[in-house]
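The next block holds one structure in the form of structure tokens; read it before the comments.
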Amino acid sequence: MININIKKSVKVTGYDAIGLSAFIDFPYNGNIVQHIKTYPSNKRNYNPNTKQWELDPDFVPDFIEFLNTSIGSPEITITGRNEYCFDKTKSKAIKGNLIKVQGVKNNKRLPFNIQSDDEIQNFLHTLGITSKLFKHQIDAVRYSIEHDNMFVGDEAGAGKSLESIAISLMRSYLYDFRTTLIICGVNDLKWNFYKDIVKHMGPLGPLNVRILGMRLDKHALTKIPGKYKTEKKMNILWSDISNFSIGGISERVKDLEELIEEKDKEKCPRFLITNIESIRDSKIVSRLNTLCRMGIIGQIIVDECHKCANPSSKQTKGLLTLKSKFRIPMTGTPMMNTPLDLWPYLSWMGIEDNNFYAFKKHYCKFGGFKNKQVMGYKNLDQLQNMLDECMIRRLKSEILDLPEKNIYEEYVEMDQLQETLYTYVRESTLLEMESMLTSANPLVQMIRMRQATGNTWTLENSLNIPQFTSVRCAKLERLKDIVKERTDNGQKIIVFTNWVQVALKLKEELKEYNPQMIHGEVKTREKQIAEEEFQTNPDCKVLIGTIGSMGTGLNLTAANCVIFMDEPWTYSNFSQAIDRAHRIGTKGQIDIISLITKNTIDERIHNLILSKKNISDLVVDGNKKNKESIIKYLLGLIGDEELNSSNN
């Protein structure tokens, strides 16, 4: 007889969200003892007084499997916390009412058929979700039941928000933890998640979600008539994000301390949301870890986790110290730059044991100066195998019946004055060729060439040369034509640019279309208003924004056309910007138009973008040979064939 008693941990420390250990006693057997000693030393402990082994519950399935295969299926009794039973085919506890297990046969299984989409959907409804999930979202919930480690890499626009809400509620039920912490890699996404939870959980939404540091504005209470502020009335307030603001570090720390001190854990929110910048603060990280150890926070989701790809950044270091029971990185672009981007996610999930230096040494080929420059990559099949064991990634084209997405190029020709301006700027840039080759970021020195094709008014002011005044911008003229033609046919249009100055100019030039604008200097609440106005107001025909601020985190499905006044340096940013319009909720065909000035740097950037190259990474982080060839290509000194041969 082998007895396993599930109760509160004594010696074994770790980050098990439920704070329990498995206490095991059995007639002495050397083989069993030797097997237990194969587990990490901090996950096991022997008490000579009680003659019991204390073991992390995560190892119980493996331990039972060992008993069945090596000891001959002895009788096993599990007692104690009866809401946990163990399935030898899964590396986790599954909620049930198991009191006794003989062999490894479960007396209680999941309260639904895991293979039935309808039963999973219906059970999620009992947990509070009012929205109907797509099949691929139900598949993700099923995956989360069958796998501890989960890396969600679904393409942007595939509905990761509802998917993550469903996974969180399911795991909260199965593992009896209260709260899922959602860390948003893009600051404004915290508002989107808040709205999505309120939307998908109906009347329960406002009761179940809080943004760390959120405070009702003083004016908000005046919106409630009458003397008494009932729960129903307060929920109406909490449903409207315009009624509150987000405090600083001290307010966020205070919120966490209140959760730690809260005696009734049912009063803790199901979802706690914050931004990635919060975990740069050691006080916040410390209190979050306390909540993890207490079993309140049982799961952490990091949305847009590629914002933590730099292992030396404070936010990445903060993330790596957060140890909840379950950890889910989510991004539509799992590897934006190089395979090295994957180390922080895999390390945080506990899948990669090596430090970053060892990881880099194992997967990189070195050469160049002192043999320290990354020249290429190796062992990628091993990395792929690691991802295959934990990642779920689906493309929209595979899982959704979305309307067609058409990508077009609109070429424009400069008049003589603009062409003269471009030639002048290009020749000035060529004089800086030597310094560009040694510059940390030579792309900055090419910005004026890009301004000469699509931002002539700013360039005129900076050059202050009488010859170049009132230069006609061919792209601006063509943009105005396209907008008029499309809006006359009832379409809505998104216009992307890299620069705030261009966005401001476009808003002025397109004012007859009642445009809204989003860029880095626009406050969060105003961004939400701009998004809502574009989505719902038929008189708002155009939304203008910078790629950095409007290219992620927004739902702009009212658009029929997306226009790039100028393209980004990276394919990933180009793709993410398009996904603001081409996503779940899109009603009709989406046309993507890139405005390109003929015989200029625009053409060369476009060619590299379409080949899915990230120009900034090749130039800033690439080897010297690639860097030089890309610079020469962008400056028009070599053609496509020479570029391809130099990079092979």
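The values are calculated or read from the model by the stated rules, or taken from the named source; none is laboratory data. All values reported here derive from a predicted model rather than from experimental measurement. Note that we place each Cβ from the backbone using ideal geometry, even for glycine, and neighbour counts take in every protein chain shown. What goes into the accessible areas is simple: the full protein's heavy atoms, side chains included, and nothing from ligands, DNA or RNA. Shrake-Rupley method; radii C 1.70, N 1.55, O 1.52, S 1.80 Å.
Scanning the range 471-501 for residues that are of a type in the set (A, V, I, L, M) and under 19 Å from L554 (Cβ atoms) turns up I493, I494, V495, V500.
Can you tell me which residue is farthest from K475 (Cα to Cα) among those in the range 438-464 that are outside any helix (DSSP H, G or I) and in contact (Cβ under 8 Å) with a residue 60 or more places away in the chain? Among those that are outside any helix (DSSP H, G or I) and in contact (Cβ under 8 Å) with a residue 60 or more places away in the chain, it is A440. Would you check if T469 is within 26 Å of L421 (Cβ to Cβ), open to solvent by 60 Å² or more (accessible area, probe 1.4 Å) and either among the charged types (D, E, K, R) or modelled with pLDDT under 90 (or both)? Considered against the rule, which asks whether it is within 26 Å of L421 (Cβ to Cβ), open to solvent by 60 Å² or more (accessible area, probe 1.4 Å) and either among the charged types (D, E, K, R) or modelled with pLDDT under 90 (or both), T469 comes out as yes. E531 - would you say it is open to solvent by 50 Å² or more (accessible area, probe 1.4 Å) and of a type outside the set (S, T, N, Q)? The answer is no for E531. Would you confirm, using the coordinates I've provided, whether K307 is under 29 Å from E277 (Cα atoms), part of a loop (DSSP other than H, G, I, E, B) and modelled with pLDDT under 90? So K307 fails the test.
Starting from residues that are of a type in the set (A, V, I, L, M, F, W, C), open to solvent by 20 Å² or more (accessible area, probe 1.4 Å) and in contact with a helix residue (DSSP H, G or I) (Cβ under 8 Å, 6 or more places away or on another chain), keep the ones in the range 193-208 and report whichever is modelled with the highest pLDDT. Filtering first and then ranking leaves V198.
Check whether at least one residue in the range 228-251 is crowded, with 19+ Cβ neighbours inside 10 Å, under 26 Å from D281 (Cα atoms) and modelled with pLDDT of 90 or more, and report yes or no. Checked the range 228-251: no residue is crowded, with 19+ Cβ neighbours inside 10 Å, under 26 Å from D281 (Cα atoms) and modelled with pLDDT of 90 or more.
Each residue in the range 298-324 was checked for being over 13 Å from the mean Cα position of the chain (by Cα) and either open to solvent by 40 Å² or more (accessible area, probe 1.4 Å) or free of Cβ contacts under 8 Å to residues at least 40 places away in the same chain (or both), and 11 of them qualify. Taking every residue in the range 482-505 that is without any contact (Cβ under 8 Å) to a residue 60 or more places away in the chain and pairing it with any residue that is of a type in the set (G, A, S) and surrounded by fewer than 20 Cβ atoms within 10 Å (Cβ to Cβ), at least 6 positions away or on another chain, the pairs with Cβ-Cβ distances below 8 Å are V500/G520.
Beta carbons closer than 8 Å, at least 6 apart along the sequence or on distinct chains, never pair a first residue in the range 147-163 that is without any contact (Cβ under 8 Å) to a residue 12 or more places away in the chain with a second that is open to solvent by less than 20 Å² (accessible area, probe 1.4 Å). Annotation for the range 478-489: no member residue is modelled with pLDDT of 90 or more, part of a loop (DSSP other than H, G, I, E, B) and surrounded by fewer than 23 Cβ atoms within 10 Å (Cβ to Cβ). Looking only at residues in the range 117-153 that are aliphatic (A, V, I, L, M) and part of a helix (DSSP H, G or I), the one that is farthest from D303 (Cα to Cα) is I120.
Taken together, the criteria place S435 among residues that are on the phi < 0 side of the Ramachandran plot and without any contact (Cβ under 8 Å) to a residue 12 or more places away in the chain.
Per-residue answers, yes or no, for (1) open to solvent by less than 30 Å² (accessible area, probe 1.4 Å); (2) modelled with pLDDT of 90 or more; (3) over 21 Å from T586 (Cβ atoms):
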site	(1), (2), (3)
V101	yes, no, yes
N106	yes, no, yes
Q115	no, no, yes
D118	no, yes, yes
F134	no, yes, no
G157	yes, no, no
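Taking the range 1-99 as the region of interest, the strands (runs of 3 or more DSSP E) fully inside it that hold 1 or more residues being open to solvent by less than 30 Å² (accessible area, probe 1.4 Å) and at pLDDT 85 or above are 2-8, 20-25, 52-55.
Scan the range 467-485 for residues that are over 33 Å from the mean Cα position of the chain (by Cα) and within 15 Å of Y513 (Cβ to Cβ) and the total you get is 6.
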